[in-house]
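The values are calculated or read from the model by the stated rules, or taken from the named source; none is laboratory data. As the structure is a computational prediction, the values presented were derived from the model and not from experiment. In this analysis, Cβ positions are derived from the backbone assuming ideal geometry, glycine residues included, and neighbour counts consider all displayed protein chains. We work out accessible area using only protein heavy atoms, side chains counted, and drop any ligands, DNA or RNA first. Shrake-Rupley method; radii C 1.70, N 1.55, O 1.52, S 1.80 Å.
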Amino acid sequence: MITAELERAVQAALETIEHPGYKRSLADLGMYGGLSADGESLRLLLRSPDADKKAQIALEAQVRKALSPVELPAKLKIRFEVDESLKPGDDGNRIRGVKNLIAVGSGKGGVGKSTVAANLAAAMALRGLRVGLIDADIYGPSLGRMFGLQGKIPLHGDGKNRIFPVEAHGVKLVSFSFMLENDQAVIWRGPMLGKAVEQFLFQVNWGELDYLIIDLPPGTGDVQLSLAQLVEVDGAVIVTTPQNVALQDASRAIRMFMDVKMPILGVIENMSEFICPECGHVSHIFSRNGGESIAAKYSAPLLGNIPITEAIMQSGEEGVPLAAALKEGPMVEAYFQVIDRLAVEIEKYR
Ligand code: ADP
């Protein structure tokens, strides 16, 4: 009486229910323990991370309700069995297998936040680190293009309600843009956004990662808040250009991260200087030391200065992050320095 279809329907129902204690879906917690025939009735075994009877009673009611549209072949008995290995414990708000989760934010658009996130990830891969990248910049998801992945990309599942990220230039990637046709405009509303961010974090099979980098939309909004509520972020990195206007916006972004208790790992000053490719002369096109002063204001370190590089535009067009294409030189060195300093900062908050 138990078909694969029935099992799938039951598992799908478990995805829609959140455990009150752990704020994760029952499917995500691994609570499905199987369906079996029990005499005349059907038995659903749910593994419970703890012995909380009250939670189990509430969950049983929710499971029955979620299953009400499903045609069951017999009367359903639901049994709970405590399995403490499912208990997320202190890791409850962390993504399994991911050592460090870093958010990359900026006060406003156009400062090169996505370019920096893409090249930071590519530089980490060059260093042999295992790295994943979430493009959560809903207003202009551009990471797919930077990695040569245009438009709608079919994502494959692992058969356990998780999708595999796409891998390009040594980086595992998921993006809002994978779900959209080219140039399709989508208005994401608060709750939908939160759900999408949650899926990117918990329903992607990231495997073992040293770093998972999340490229946030510019400014201070719903995505930032959802992120802070959903998961323990090891810290935020703020990208800014050296000009004063950019710095004011960067200040606001930093204060918001502080408000949601996210550690500020540091500031990356992008487009700091122009290094002449012919003669190596360094010119400061914009005013100097903006990144440093804002970092000092919030007692955060300046993680690095990324030079202006003409080839960035072209690499964006070609779909290869510049750090992955160049493999060495001043720009790649600047990212390597950021990686070293980041590791030190993260340790300070452990
Ligand atoms: P944001 O994510 O902050 O909106 P983007 O990463 O989309 O910004 O970058 C904005 C523009 O600036 C892009 O055209 C990008 O190619 C360019 N850019 C970013 N960083 C640099 C850099 N270091 N040198 C030259 N151009 C850059």
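Taking first residues from the range 57-80 that are more than 17 Å from residue 7 (Cβ to Cβ) and partners that are in a strand (DSSP E or B) and of a type in the set (Asp, Glu), the Cβ contacts under 9 Å between residues at least 6 apart in sequence or on separate chains come to 62/18. A search for C-beta distances below 9 Å between a residue of the range 293-315 that is more than 6 Å from the ligand (Cβ to nearest atom) and any residue that is of a type in the set (Lys, Arg), counting only pairs 6+ apart in sequence or on different chains, returns 298/255; 301/341; 302/341; 303/341; 304/341. Taken as a whole, the structure leaves residue 271 outside the set of residues that are assigned to a helix (DSSP H, G or I), closer than 30 Å to residue 151 by Cβ and hydrophobic (A, V, I, L, M, F, W, C). All of 13, 118 fail the test of being under 30 Å from residue 346 (Cα atoms), among the hydrophobic types (A, V, I, L, M, F, W, C) and buried (at least 20 other Cβ atoms within 10 Å of the Cβ), apart from 118. Here residue 332 passes the criteria (1) in a helix (DSSP H, G or I); (2) within 16 Å of the ligand (Cβ to nearest atom); (3) open to solvent by 90 Å² or more (accessible area, probe 1.4 Å) except the one numbered (3).
Which one is most open to solvent (accessible area, probe 1.4 Å), of the residues in the range 192-228 that are among the acidic types (Asp, Glu) and more than 27 Å from residue 338 (Cβ to Cβ)? Restricting to residues being among the acidic types (Asp, Glu) and more than 27 Å from residue 338 (Cβ to Cβ), the top hit is 222. Listed by position, the helices (runs of 4 or more DSSP H) enclosed by the range 288-327 that each have at least 2 residues that are exposed (fewer than 15 other Cβ atoms within 10 Å of the Cβ) are 290-297, 311-318.
Go through the range 21-33 and give me each residue that's more than 21 Å from residue 229 (Cβ to Cβ), in a loop (DSSP other than H, G, I, E, B) and either open to solvent by 30 Å² or more (accessible area, probe 1.4 Å) or hydrophobic (A, V, I, L, M, F, W, C) (or both).
31
Against the list (1) within 13 Å of the ligand (Cβ to nearest atom); (2) open to solvent by 50 Å² or more (accessible area, probe 1.4 Å), the condition residue 137 fails is (2).
Candidates 110, 128: the one that is open to solvent by 20 Å² or more (accessible area, probe 1.4 Å), within 21 Å of the chain's Cα centre (by Cα) and under 18 Å from residue 315 (Cβ atoms) is 110. Output yes when any residue across the range 235-247 is open to solvent by less than 10 Å² (accessible area, probe 1.4 Å), at pLDDT below 85 and more than 29 Å from residue 21 (Cβ to Cβ), and no when none is. Scanning the range 235-247 turns up at least one residue that is open to solvent by less than 10 Å² (accessible area, probe 1.4 Å), at pLDDT below 85 and more than 29 Å from residue 21 (Cβ to Cβ). Within the range 323-346, residues that are on the phi > 0 side of the Ramachandran plot reach partners that are open to solvent by less than 70 Å² (accessible area, probe 1.4 Å) with beta carbons closer than 9 Å, at six or more positions or on different chains, in the pairs 327/126; 329/309.
Residues that are assigned to a loop (DSSP other than H, G, I, E, B), at pLDDT 85 or above, in contact with a Leu (Cβ under 6 Å, 6 or more places away or on another chain) and open to solvent by 10 Å² or more (accessible area, probe 1.4 Å) occur in the range 157-166; there is at least one. Criterion first (at pLDDT 90 or above, charged (D, E, K, R) and in contact with a Leu (Cβ under 8 Å, 6 or more places away or on another chain)) does residue 172 satisfy it? Yes, satisfied.
Criterion first (within 16 Å of the ligand (Cβ to nearest atom) and open to solvent by 10 Å² or more (accessible area, probe 1.4 Å)) does residue 343 satisfy it? The answer is no for residue 343.
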